[in-house]
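Undergrad: Let me give you the structure first, and then I'll get to my questions.
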Amino acid sequence: MSSQLAFHVDLSSCTGCKACQMACIDKNDLELGQRWRRVYEFTGGDWVKMGNAYINSVFTYFTSVSCQHCEDPICVNVCPSGAMHKREDGIVLVDTQKCLGCRYCEWACPYGSPQYNPTLGKMGKCNFCYDLIDAGGKPACVEACPMRALDFGPLDEMVARYGDLRDPAPLPISSITHPSVIFTPHRNTYPAGSNEGQIANKEEV
Amino acid sequence: MSKDDLLTKTLKDTVLTRRSFLKWSGVLGGTAALAGGGLKFGLKAIERATAQPAEKAIATGCAHNCGGRCQLITHVKDGVIVRISSDPSEDTLEAPALRACVRGHAYRRRVYYPTRLQYPLKRTGKRGEGKFERISWDDAISIAASQIQSVKDKYGNAAIHLVAGSAGGSQTLGIGTAARLLNLIGGYIDTYNNYSWACIQKATPYVYGTQTCGATRNDWLKSKYILMWGWNPAEMIDGTNTMWYVKQARLQGAKTVVIDPRLSMSAVGLADQWIPLYPGTDAALMSSMAYVIISENLHDQEFLDKYVVGFDDDHLPEGVLAGNSYKSYILGTKDGVPKTPQWAEAITGVPAETIVQLARDYAMLKPSVLYQGYGMQRRAYGESTVISGISLAVITGNVGIPGGWASGMAFEPVGPQGGGLSTGNNPVTYKVPRYKWPDLMYRATEMTPEEDGVVGLGPGEKHLPTNVKLLWQVAGQSMLNQHGDINFVASKLADESLVEFILVNEQFMTPSSKYADLILPACTWMETSGVTKNWKYGATFINMPKVIEPLYESKPDYEICAEIANKLGVEQDYTQGKTADDLVQDWVAVAQKADPNFPSYEEFASKGYYQWQFPDIHDSMADFRADPVANPLQTPSGKIELFSKTLWDMGKPDSIPAIGKYIPEWEGVSDPMRSKYPLLGLTHHYMRHSHSTEDNIDWNEEAWPQRAFINNLDAEARGIKDGDMVRVYNDRGEMILPARVTKRNMPGVIDIPSGGWWDPDQNGIDRHGAVNILTSLRVTPLAFGNPQGTFLVEVEKV
């Protein structure tokens, strides 16, 4: 049995509302600029005028992204101080006592998950709300989602229930770090690396 | 009481130490393996306590005036809110958890925001200049009372106007507290209708005889097709969980389609298909769908013959000549213009083939829902758009059947109600349409029933007796930011020869409060006891206890008004000796009487809310459908009136037609003004705020920055790149803000989200995207409603 915890994100019913992001900010008292969970808008397609009408192939879907709590976490591998570590249940955590604030992890992570906190001079990141789940609760983001598009649980259970899509665009391919987040695709979901769309809300993520 | 309930209650009400947690967790550890999922609630409550030792979880509500009313669970430590969490309840179809949106999750930041108003402020500079000095509460209350008394003595009560506002949230906060006070001292000139639904509320009864023509949301689970017409429940929150019910309908196999000029959040997360059209052309698309349906014989003739007046020339009211029926209009038998998909393509920008497919799907995938959003009726001819939409539901016979939808206002029948602070009776009978209130400042005495919609004049009275001399805004921004044509309204507010005194109860220095002569700092709903109830689907009663003490010198509106009442000699009548807590108890007592299942106050407070729904699917048109003779509608004919003789008799066929018609808008898609201002304005409810509430909060700005959302082709044609500063303008005003270049708007459409706070620079140019510097003060023809969605602009790179 896998001891790795995982998130599930249902892109087919995510409206991109950011309740998850705001619940995370509130739970973790994050300063402006720190977004341990954030929502990417991936938009593509075109408008073509045909006579009086506009034909379009425009699409958008939203992808809520936190730390992927990877099975092979590159942030842990590059951390020179041993601050970045993995718990027994697979949660990737920063030990702020050990963190030097060198930002190697930030540089290495393809998901932008470890984020530098200039006030503390340390790294911060999604910690799966381990304090809440250790007490039997849910991560703040999961419990906040008005569309019930977020879920969490053991990775093998999540895969059994939701399939095994791990790298929808605009995320990077999953073979780099083996992320522990499972996605249900939106009807417009493209695979990682797709040029069919772009991140359309860069200033928000 | 079950063990779970006991745990929940205990944990919510008691300050837990880590030690006691360990004791509890031992108990739970022993039972968890046996009890399964039901324990989640209790465990959840415990972790809240342990995450922050000596932390107390207090359930309250989120009572912004969006469409929802949600639960917020505050975590309080040493008298300070340290976190807000979500309703942990399991979802059931009857009572899904009341999960809050981003606005609720940002509320802690709002409560403690550094710019909260801390003490009463008296104006020192010119009105609107924003210069104030701190004064004491004693002085503030004396000034407020003496100004009210003096205007009343000098001009009469009709010279006092309480400006609409909806942000109070609970009964001890907000406009109702001031209305009660003013009514005790002779009243004030009030307004009727509202900024949200003026046209849809006015128009729907002409067809159905009622606004209550809707059904419960679980009815959608029986639908095969849901047409979300200009409807964006994910962003405007049309009832807590309404979008969740749409999701449930999809899981049952319903196909969902969004029609909107913008690829809205609902179009992304709730729909299988998105059909963009030019703003203000909805009725043209609707009419062309009717053309397809009628010409392909997909309409329900049997239903129309039995239940409907005015579909075809054989069923027109007496005295109306053939050629005036709905069918004649659609087929063009009289005006020579068949409302074909090709005709509509030229107006709406929607390809004719798409229209044909849309019409067939809606008519054939029955039962089907056509749900009308409200943005499309806040437009130049909103009334006729509403009736055009209803007409599609009627001709397809989707009225009063399981899984169908009558369209229009579509309220479901009213469930049990709570009590609440009565506003009493207003002795001043005069009312004007809400969108006409600024006229009261400078031309009240010229306003007429015919032109301006004045009501309540006495026998022999031709005009209102006086202009308004005192304005009072409580928990709202209708005084300026949320009304149309800000620059014009601001000029009238600033003119000290018009209104003599402006009183504002607020929590922040809003653009509207800047025009006050006296600002009274009100506390938030976290700082006083109250209670709230939802307004649309089912009945959700939410307890809103005092979570923390009022910050700084702020007070609940109820207390502020009681103090003014004291100066005016009516305190006893005002409070009847009741505290805010007493008012909550009164409210609950009424609810308990209305619903025998309503819990005791203690139980209510423990869960934090009580959710009531109709026990099964409930369609308010079902009785009429079952037997139209025994259960006639409240229309003149007792039937559905696709043709309204009442509207016909008004004699204004160009603006108030007797049937649902497409009427080209002023400042719309075909207005010659587009040669000067080519872009069609759009303003949507933005996730970052409820109306204008929370616009000033940095968490919200970070998540959802205020931008001019411009289509990529329009941007390219103007040399505008994403993030460029742009100037958006028309004859009424201009704003400069960053552009967001997007493919999610139809070409030709620019979206300035509503609710941005007006921030004029030294040249009067708005710097924060307050859309109402661009909107018109005209009113709609029938409802005297607010067409704030209809405006044209041009954009250029700065």
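Undergrad: Looking at B:ASP695, B:ASP761, can you tell me which residue is away from chain A (no Cβ under 13 Å) and surrounded by fewer than 19 Cβ atoms within 10 Å (Cβ to Cβ)?
TA: The match here is B:ASP761.
Undergrad: Give the residues of region B:549-577 that are farther than 14 Å from B:TRP137 by Cα and either more than 31 Å from the chain's Cα centre (by Cα) or modelled with pLDDT under 95 (or both), sorted by residue number.
TA: Once the filter is applied, which keeps residues that are farther than 14 Å from B:TRP137 by Cα and either more than 31 Å from the chain's Cα centre (by Cα) or modelled with pLDDT under 95 (or both), region B:549-577 yields B:LEU568, B:GLY569, B:VAL570, B:GLU571, B:GLN572, B:ASP573, B:GLN576, B:GLY577.
Undergrad: Okay, next question. With respect to the numbered conditions (1) more than 30 Å from B:GLY400 (Cβ to Cβ); (2) buried (at least 21 other Cβ atoms within 10 Å of the Cβ); (3) among the hydroxyl-bearing types (Ser, Thr, Tyr), which one is the sole condition not fulfilled by B:THR579?
TA: In the conditions (1) more than 30 Å from B:GLY400 (Cβ to Cβ); (2) buried (at least 21 other Cβ atoms within 10 Å of the Cβ); (3) among the hydroxyl-bearing types (Ser, Thr, Tyr), B:THR579 misses (2) alone.
Undergrad: Could you say which residue among B:ASN772, B:ASN786 is assigned to a helix (DSSP H, G or I), away from chain A (no Cβ under 14 Å), on the phi < 0 side of the Ramachandran plot and modelled with pLDDT of 95 or more?
TA: Only one candidate passes the filter, namely B:ASN772.
Undergrad: Tell me, yes or no, whether region B:288-306 has at least one residue that is in contact with a Leu (Cβ under 7 Å, 6 or more places away or on another chain) and either within 12 Å of another protein chain (Cβ to nearest Cβ) or at pLDDT below 95 (or both).
TA: No, the conditions are met nowhere in region B:288-306.
Undergrad: If I filter region A:192-203 for residues that are free of Cβ contacts under 8 Å to residues at least 24 places away in the same chain and within 14 Å of another protein chain (Cβ to nearest Cβ), do I get at least one hit?
TA: Yes, the conditions are met somewhere in region A:192-203.
Undergrad: Turning to a different aspect of this structure: Filter region B:499-541 down to the residues that are among the hydrophobic types (A, V, I, L, M, F, W, C) and in a loop (DSSP other than H, G, I, E, B), then identify the one that is modelled with the lowest pLDDT.
TA: Kept after step one, since they are among the hydrophobic types (A, V, I, L, M, F, W, C), are these residues of region B:499-541: B:499, B:501-504, B:508-509, B:516, B:518-520, B:522-523, B:525-526, B:531, B:535, B:539, B:541.
So of that shortlist, the ones also in a loop (DSSP other than H, G, I, E, B) come out as B:499, B:508-509, B:516, B:523, B:535.
On the way: B:VAL499: 98, B:PHE508: 98, B:MET509: 98, B:ALA516: 98, B:CYS523: 97, B:TRP535: 85.
Only one residue tops the list, namely B:TRP535.
Undergrad: Counting just the residues of region A:36-69 that are more than 8 Å from chain B (Cβ to nearest Cβ) and of a type in the set (D, E, K, R), which one comes out farthest from the chain's Cα centre (by Cα)?
TA: A:GLU41
Undergrad: Could you identify the single residue in B:TYR574, B:TYR552 that is in a loop (DSSP other than H, G, I, E, B) and touching a residue at least 12 places away in the same chain (Cβ under 8 Å)?
TA: Exactly one of B:TYR574, B:TYR552 is in a loop (DSSP other than H, G, I, E, B) and touching a residue at least 12 places away in the same chain (Cβ under 8 Å), namely B:TYR552.
Undergrad: Here is a follow-up. Just to check your reading of the model, which residue among B:GLY79, B:GLY128, B:GLY61 is in contact (Cβ under 8 Å) with a residue 60 or more places away in the chain, within 16 Å of B:GLU506 (Cα to Cα) and more than 14 Å from chain A (Cβ to nearest Cβ)? Working first, answer last.
TA: Details: B:GLY79 fails: within 16 Å of B:GLU506 (Cα to Cα); B:GLY61 fails: within 16 Å of B:GLU506 (Cα to Cα).
Sole residue among the options that is in contact (Cβ under 8 Å) with a residue 60 or more places away in the chain, within 16 Å of B:GLU506 (Cα to Cα) and more than 14 Å from chain A (Cβ to nearest Cβ): B:GLY128.
Undergrad: Checking A:ARG148 against (1) among the basic types (Lys, Arg); (2) farther than 17 Å from A:LEU11 by Cα; (3) within 14 Å of chain B (Cβ to nearest Cβ), only one condition comes out false. Which one?
TA: Only one criterion is unmet by A:ARG148, namely (2).
Undergrad: Still on this structure: Would you check if B:PRO632 is outside any helix (DSSP H, G or I) and more than 30 Å from B:PRO279 (Cα to Cα)?
TA: yes
Undergrad: A further question follows. Applying the selection to region A:114-144, what residues are more than 10 Å from chain B (Cβ to nearest Cβ), within 16 Å of A:ASP26 (Cα to Cα) and in a loop (DSSP other than H, G, I, E, B)?
TA: Answer for region A:114-144, where residues must be more than 10 Å from chain B (Cβ to nearest Cβ), within 16 Å of A:ASP26 (Cα to Cα) and in a loop (DSSP other than H, G, I, E, B): A:LYS125, A:CYS126, A:ASN127, A:PHE128, A:PRO139.
Undergrad: Take the residues in region B:64-76 that are in contact (Cβ under 8 Å) with a residue 60 or more places away in the chain and in a strand (DSSP E or B); name whichever of them is farthest from the other protein chains (Cβ to nearest Cβ).
TA: Per the stated criteria, the residue is B:VAL76.
Undergrad: Would you be able to say whether some residue in region B:659-669 is surrounded by fewer than 23 Cβ atoms within 10 Å (Cβ to Cβ) and within 13 Å of another protein chain (Cβ to nearest Cβ)?
TA: yes
Undergrad: Using beta carbons and a limit of 6 Å, which pairs, at least six apart or on different chains, have the first residue in region B:245-265 and under 30 Å from B:VAL741 (Cβ atoms) and within 12 Å of chain A (Cβ to nearest Cβ) and the second one buried (at least 19 other Cβ atoms within 10 Å of the Cβ) and hydroxyl-bearing (Ser, Thr, Tyr)?
TA: Sorted first by the residue in region B:245-265, then by its partner, the pairs are B:VAL258/B:SER266; B:LEU263/A:THR60; B:MET265/A:THR15.
Undergrad: Going by what's in this entry, would A:TYR104 be described as over 30 Å from B:TRP699 (Cα atoms), out of contact with any His (no Cβ under 7 Å at 6 or more places or on another chain), surrounded by 18 or more Cβ atoms within 10 Å (Cβ to Cβ) and of a type in the set (Phe, Trp, Tyr)? Quick ask: steps written out before the conclusion?
TA: Values: over 30 Å from B:TRP699 (Cα atoms): no; out of contact with any His (no Cβ under 7 Å at 6 or more places or on another chain): yes; surrounded by 18 or more Cβ atoms within 10 Å (Cβ to Cβ): yes; of a type in the set (Phe, Trp, Tyr): yes.
Spelling it out, it is not the case that A:TYR104 is over 30 Å from B:TRP699 (Cα atoms), out of contact with any His (no Cβ under 7 Å at 6 or more places or on another chain), surrounded by 18 or more Cβ atoms within 10 Å (Cβ to Cβ) and of a type in the set (Phe, Trp, Tyr).
Undergrad: What tally of residues in region A:163-191 results from selecting those that are of a type in the set (Val, Ile, Thr), assigned to a loop (DSSP other than H, G, I, E, B), more than 12 Å from chain B (Cβ to nearest Cβ) and touching a strand residue (DSSP E or B) at 6+ places or on another chain (Cβ under 7 Å)?
TA: 0
Undergrad: Here is a check on your reading of the model: is B:GLU527 within 30 Å of B:LEU470 (Cβ to Cβ) and acidic (Asp, Glu)?
TA: It is true that B:GLU527 is within 30 Å of B:LEU470 (Cβ to Cβ) and acidic (Asp, Glu).
Undergrad: Given the conditions (1) in contact with a Gly (Cβ under 9 Å, 6 or more places away or on another chain); (2) away from chain B (no Cβ under 13 Å); (3) in a loop (DSSP other than H, G, I, E, B), which single one is not true for A:HIS8?
TA: Condition (3) is where A:HIS8 drops out.
Undergrad: Turning to a different aspect of this structure: Evaluate region B:733-751: report whether one residue or more is more than 26 Å from B:TRP197 (Cα to Cα), more than 14 Å from every other protein chain (Cβ to nearest Cβ) and assigned to a loop (DSSP other than H, G, I, E, B).
TA: no
Undergrad: Scan region B:350-370 residue by residue and report those that are crowded, with 24+ Cβ neighbours inside 10 Å and either within 30 Å of B:ARG778 (Cα to Cα) or within 14 Å of chain A (Cβ to nearest Cβ) (or both).
TA: Result: B:VAL350, B:ILE355, B:LEU370.
Undergrad: Would you confirm whether any residue within region B:485-498 is within 23 Å of the chain's Cα centre (by Cα), modelled with pLDDT of 95 or more and part of a loop (DSSP other than H, G, I, E, B)?
TA: Among the residues of region B:485-498, at least one is within 23 Å of the chain's Cα centre (by Cα), modelled with pLDDT of 95 or more and part of a loop (DSSP other than H, G, I, E, B), which makes the answer yes.
Undergrad: Among the listed residues B:ASN425, B:ASN398, which satisfies the condition of being within 29 Å of B:ASP573 (Cα to Cα), part of a loop (DSSP other than H, G, I, E, B) and modelled with pLDDT of 95 or more?
TA: B:ASN425
Undergrad: Of the residues B:MET447, B:MET544, only one is at pLDDT 95 or above and either in the same structural domain as B:GLN171 (by TED's automatic domain parsing) or over 30 Å from B:ARG134 (Cβ atoms) (or both); which?
TA: B:MET447
Undergrad: Residue under question is B:GLY748, and the condition is that it be surrounded by fewer than 24 Cβ atoms within 10 Å (Cβ to Cβ) and in contact (Cβ under 8 Å) with a residue 24 or more places away in the chain; does it hold?
TA: yes
Undergrad: Still on this structure, I have one more. Pull up region B:734-752, narrow it to residues that are of a type outside the set (A, V, I, L, M, F, W, C) and under 25 Å from the mean Cα position of the chain (by Cα), then point me to the one that is nearest to B:ARG707 (Cα to Cα).
TA: B:ASP751
Undergrad: Could you grab me the full set of residues in region B:89-102 that are facing chain A (nearest Cβ under 8 Å), buried (at least 22 other Cβ atoms within 10 Å of the Cβ) and assigned to a loop (DSSP other than H, G, I, E, B)?
TA: B:ARG99, B:ALA100, B:CYS101
The values are calculated or read from the model by the stated rules, or taken from the named source; none is laboratory data. Nothing here was measured: the structure is a model prediction, and the numbers come from that model. When we count neighbours, we look across all protein chains shown, and the Cβ atoms used for this are built from the backbone with ideal geometry, even at glycine.
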